[in-house]
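Every number in this text was worked out from the coordinates using simple rules, so none of it is lab data. Computed from a prediction, not measured in an experiment: that's the story for all the values here.
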Amino acid sequence: MNLKIAYNIAQTHLLTKKKQTMVAMLGVTFGIAMFIVMISFMQGVNQFLEDSALDASPHVRIYKQITSDRPSIIQTINPDGFNVVHHQKPKQELARIKNGLVIARHIEQQPEVLGVSPQVSTQVFFNVGSVPVPGTLAGVDVQREEKLYRLSKRMKSGTIEDLQSNSNGVILGRLLARKLNLKVGDKVNVTSSTGGTALLRVVGVFSFGIQTVDDARGYVNQAKVQELIQKDANYITDLHIKMKDPMQAIPFGQQLARQYDYKVEDWATANQAILAGEKIRGVMTFVVSFTLLVVAGFGIYNIMNMNVMNKIKDIAILKATGFGGKDVIAIFMIQSIIIGFLGAVLGVMIGFSLSYLLSITPFNAGDFLAIDTFPVKFDLKYYVMGVLFGVITTLLAGYFPSKRAAKIDPVEILRG
């Protein structure tokens, strides 16, 4: 059969039933549009939470874990006996990483490592009047911290250079500064857990957009924390490592754990709750999106089936005038391709428009997260999937009823 003739017949069928054609096309359109909006938004949420976790935490952290998991004296004396030890207490020891600066230089030389920041971290009380507010002071090398966390882009007031040039300066988290009612230029008295005190001047306020960080952390120069807790210049409690590829953090962390006798924690372990939530949202997104597509697919099938049944007399006439079953199938398949393609293109356009409007819609997350608009991930594969679904679904929806219609006896239809 000449495809041009089949196309003309298919076009005539579509144009004579414009409302029915439009309904079939809109079924494809809205199914794809809702699929694109749903999957773009949910993947955007997952991406935003993962990026937030990666931005505010190291890919790999090395520290000394103070635990009670060690052989007791009785086990040392009688290793082969049956020993039962209750309520074993942690050993009196420092949270220091021995040769921490040497280890940092060695790790920094690895080609897959972006940077290493040695830190001295300690629990402190920020004294506001008679009320002590608990928090954490991180003694850092400002330039190393900038390389890892882009701290300069997190500053709400002041600059990291002000901290570098002021030995008694401190940069506070936004929520912590608000809680203490402090701004740049104010002074705050800090007391460490060991009893050391220091009078610090606020030189900046930062925000990572994560409540647990902004509500408790302060940055000072490394030497200031060492002075506060009365330790020497080689005293290091943490090594923060950023990788060029975050996915390499897990095997690299395992390698470091074998190499050094310290606790090594990668970002996936530290953010298990976020990653578990991401998996759950991913499953929900797949289920909802698949349901949308299936419902739309059945709707398209019903519409195409009705379209074929309404043309049953036309099919009988075509067969009576010499058209074969394959010719009938070709006519309705062309109709399906036209409806599917136009519906898919329109669905992609509407889906993109709605996703874009959602991405610029203001969203106030309060102090919990630093986000101005709804997170939406624009990915070409979602749109390709939408077009493929629209075309394939309508092809199948048109093929099965047209195949059944191609087997009819034109004589029985025309007699009826």
Requested in this report: With 27 Å as the limit, write out which pairs from Lys18/Lys381; Lys18/Lys326; Lys18/Lys403 have Cα-Cα distances beyond it, or answer none.
Outcome: Lys18/Lys381
**Report entry** Highest-fluctuation residue, Ser165, Ser152, Ser353 considered, GNM on the chain with Cα pairs under 10 Å
**Finding:** Ser165
**Report entry** 0 to 90° range, to nearest 10: angle between helix 380-405 axis and the chain longest Cα axis
**Finding:** 30
Report summary line: In whole µm²/s, the translational diffusion coefficient that Stokes-Einstein assigns to region 271-395, given a Kirkwood hydrodynamic radius over C-alpha pairs, 4 °C and 1.567 mPa s, equals 72
Query - Between region 118-195 and region 276-352, the Cα center-to-center distance that results, in Å - result: 61
Query raised in the report: How many times 2.2 N^0.38 Å is the alpha carbon radius of gyration of region 183-241?
Result: 1.25
Query - Non-local Lys pairs in region 153-311, i.e. 8 or more apart or on different chains, that have alpha carbons under 22 Å apart - result: 12
Query raised in the report: Among Gly253, Gly185, Gly129, whose mean-square fluctuation peaks in a Gaussian network model of the chain (Cα, cutoff 10 Å)?
Result: Gly129
Report task. Treating the Cα atoms of the chain as identical point scatterers in vacuum, please give the log10 of the normalised Debye intensity I(q)/I(0) at q = 0.12, 0.13, 0.15 Å⁻¹, two decimals. Result -> -0.99, -1.10, -1.28
